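Shown next, in structure tokens, is the structure this report addresses.
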Amino acid sequence: MNNYEYLIVERQAAVGLIRLNRPKMLNALSFGVFREIATAIDELEADDAIGCIVLTGNEKAFAAGADIKEMQPKTFIDMFNADFHTIGGNRVTTCRKPTIAAVSGYALGGGCELAMMCDFIIASDTAKFGQPEITLGTIPGIGGTQRLTRAIGKAKAMDLCLTGRMMDAAEAERAGLVSRVVPADKLMEETMAAAEKIAAMSRPAAAMAKDAVNRAFETTLSEGMSVERDLFHATFALEDRAEGMAAFIEKRPATIRNR
Ligand code: CO8
């Protein structure tokens, strides 16, 4: 178990919960926060008891972006050498276990980008998403022009990246950025329930489903269909697949062994 300065990392049954914990700065994402997120993902991914990881903030903010106070004095070469992308963000996207972002309040700039690195986003009705970097004379740097455009299309992505305006939870759901919107006081209950449900599935099947969906963003339809078919065939090597189908036929609960 690691010690964290900027995060609270907990295990709740088979779910790993990473809470950003810099409340006075609306969970601004410093280099240190990104490094700790990468460490927490390493820790939870290596833990066989964990089947799903939830990333969250607090009621007021998921994260209000990269730490502007830390970034302001930096030069090109500082940023080039630091490579935020490799330090933290990328570790969320390379995690093989399913990840959910539970977003309440502000998810701005790097905060919106961090949420989009997760497999899906559950938002509270208070959530606000945006890429306000343009108002600071910069642009998104860890997915805000790329993942956002793939998620919500060019028109809305351009609108958000060029005006810096915020999108509320209802608009984010309509646009396809978030999978569901729930009342603020139910956010963690609903997210943890979804995470527990996922963690109870066959872990290799969940990893294959995640991999296949992610391919849709990386490749052509025919290539993606080919990957999906290969992974689908591969599930026939899983004991969990044989057991899952037998349990359905015999009208009994399946015993999942994650193999
Ligand atoms: N960085 C540093 N400090 C912040 C940040 C931030 N992103 N956001 C808020 N804070 C601090 C404030 O300075 C304030 O501190 P203090 O009390 O010492 O003055 C405290 O948090 C509370 O904030 P506010 O008083 O501003 O709270 P409000 O409720 O009035 O406003 C807002 C909330 C609207 C969210 C406002 O804080 C805001 O606009 N924040 C900045 C949002 C922003 O521009 N985000 C984009 C940052 S740039 C970015 O993310 C680039 C990513 C590119 C990738 C690089 C890798 C990470």
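Tilt of helix 31-45 relative to the longest C-alpha principal axis of the chain, in degrees (0 to 90, nearest 10)?
Computed tilt is about 0 degrees.
Taking square-rooted eigenvalues a ≥ b ≥ c of the alpha carbon gyration tensor, is segment 203-250 rounded, prolate or oblate, where a/c under 1.5 means rounded and, failing that, a/b exceeding b/c means prolate?
Taking the square roots of the gyration eigenvalues as a ≥ b ≥ c, segment 203-250 is prolate.
Can you list residues from other chains, or at least 5 along the same chain, whose modelled amide H is less than 5 Å from the amide H of residue 29?
The list, which skips near neighbours in sequence, is 65, 66, 67.
Stokes-Einstein diffusion coefficient for segment 27-162 at 10 °C in a medium of 1.306 mPa s, Rh from the Kirkwood formula over Cα pairs: what value in µm²/s?
Details: Rh = 15.2 Å.
In µm²/s, the coefficient is 105.
Can you list, largest first and rounded to whole Å, the semi-axes you get for the chain by taking the square root of 5 times each eigenvalue of its Cα gyration tensor?
After scaling each eigenvalue by five and taking roots: 32, 20, 18 Å.
Across segment 19-29, in residue order, what do the Karplus-derived ³J(HN,Hα) couplings come to in whole Hz, using 6.51 cos²θ - 1.76 cosθ + 1.60 with θ = phi - 60° and x for Gly and Pro?
10, 5, 9, 10, x, 5, 10, 6, 6, 4, 9
Show me, for segment 189-197, the HN-Hα J-couplings you get by feeding each phi into the Karplus relation (A = 6.51, B = -1.76, C = 1.60, θ = phi - 60°), rounded to Hz, glycine and proline as x.
Each residue of segment 189-197 in turn: 4, 5, 5, 5, 5, 5, 5, 5, 4 Hz.
Against the longest alpha carbon principal axis of the chain, how many degrees, from 0 to 90 and to the nearest 10, is the axis of helix 203-215 turned?
With rounding to tens, the tilt is 50 degrees.
Calculate what fraction, in whole %, of the accessible area of segment 1-77 sits on carbon and sulfur atoms when a 1.4 Å probe is rolled over the protein chains.
It is 52 percent, rounded to a whole number.
Please tell me the relative contact order of segment 7-200 in percent, rounded to the nearest whole number, where contacts are Cα pairs under 8 Å and at least six residues apart. Don't skip to the end; give the middle numbers.
Working: 408 pairs, mean separation 42.1, N = 194.
22 percent.
Work out the FRET efficiency for residue 232 and residue 13 from their Cβ-Cβ distance, taking R0 = 30 Å, and round it to the nearest 0.05.
Plugging the Cβ-Cβ distance into 1/(1 + (r/R0)^6) gives 0.55.
May I ask for the angle, rounded to the nearest 10°, between helix 154-163 and the longest principal axis of the chain, with both axes built from Cα atoms and the value confined to 0 to 90°?
For helix 154-163, the angle is close to 30 degrees.
Determine the dipole magnitude for the chain: charges of +1 sit on the beta-carbon of Lys and Arg, -1 on that of Asp and Glu, nothing else is charged, the reference point is the Cα centre, and the result goes in debye to the nearest 20.
The dipole magnitude comes to about 300 debye.
Which far-off residues, 5 or more places away or on another chain, put their amide H under 5 Å from the one on residue 104, with H placed in the peptide plane?
The list, which skips near neighbours in sequence, is 57, 62, 124.
Do any of 60/97; 154/210; 24/60 go past 21 Å between their Cα atoms, and which?
The answer is 60/97; 154/210.
List the residues whose amide H sits under 5 Å from the amide H of residue 52, counting only those 5 or more places along or on another chain, with H placed 1.01 Å from N in the peptide plane.
The answer is 16.
When only DSSP loop residues count, what GluC sites (Glu not before Pro) in segment 175-223 have their Cβ near at most 14 other Cβ atoms within 10 Å?
218
Averaged per residue, what accessible area in Å² does the chain show with a 1.4 Å probe, protein chains only?
Accessible area per residue: 52 Å².
Which whole-Hz couplings ³J(HN,Hα) result when phi for each residue of segment 217-228 is put into the Karplus expression 6.51 cos²θ - 1.76 cosθ + 1.60, θ = phi - 60°, listed in order with x for Gly and Pro?
8, 10, 8, 6, 4, 5, 5, x, 4, 5, 4, 4
The values are calculated or read from the model by the stated rules, or taken from the named source; none is laboratory data. The model shown is predicted, which means the values in this text are computed figures rather than measured ones. No Cβ is skipped: glycine too gets one built from the backbone with ideal geometry, and neighbour counts run over all protein chains shown. These accessible areas exclude ligands, DNA and RNA; they are computed on the full protein's heavy atoms, side chains included. Shrake-Rupley method; radii C 1.70, N 1.55, O 1.52, S 1.80 Å.
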